[in-house]
Amino acid sequence: MAEKTHTINTNKWIDNYADYLYNYAISRVNNSDLAKDLVQETFFAGLKSAKNFKGKASERTWLVSILKRKIIDHYRKINSKKGQAEVRMNFYNDGENEGDWLEERVPQKWDNTSETSIENEELKDQLEACIDNLPEKYAMVFRMKTVQEFETEEICKELDITASNLWVIIHRARTQLRKCMEDNWFNN
């Protein structure tokens, strides 16, 4: 007996899922333009593979799973040699501006639409600065596990590490974050 495929209405995806997918992406990549690009890539990938949708999950869940892969691919790319080379292309290579950001590629400020107090903004900024100061692998694993809420098995598979290695990295990252926050936030 042939497996039944489900019909999906791709014409309603933007109305039904764009905001949800964008909010999901922005909370994981902290960059509005990148989040929009990832959602667009998700819709394109969904269109290309719509005939394979079997209805075992809701359309939204299926699209979120595609978006998760796009986010993982993004982090994998920026941690690869090719991705690091692309990051270097965001800077002037010579002349009086050498080492400065190309104006059109300056990172955008973290978009936070909720109304928060100045102290909470400063706390968030300090925590983000502490995460940025972690060793690259620690920061990546910490964000994937605690911020982006990826499953342990998924992180281990993507980064080719064991579960015990992951938890050692998480422990070390938290220890370093605690020290950084104590030194830079709580003692000020």
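The values are calculated or read from the model by the stated rules, or taken from the named source; none is laboratory data. A quick note: this is a predicted structure, and the numbers were derived from the prediction, not measured. Every residue, glycine as well, gets a Cβ built from its backbone with ideal geometry; the counts of neighbours run over all protein chains shown. Areas reflect the complete protein model, heavy atoms only, side chains present, ligands, DNA and RNA absent. Shrake-Rupley method; radii C 1.70, N 1.55, O 1.52, S 1.80 Å.
What the table below lists for this structure:
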| quantity | calculated |
| --- | --- |
| Most to least packed among 128-135, 44-51, 141-148 [average Cβ atoms within 10 Å] | 141-148, 128-135, 44-51 |
| For the range 45-74 and the range 150-173, distance of Cα centres in Å | 24 |
| Probe 1.4 Å - accessible area at Glu59, Å² to nearest ten | 40 |
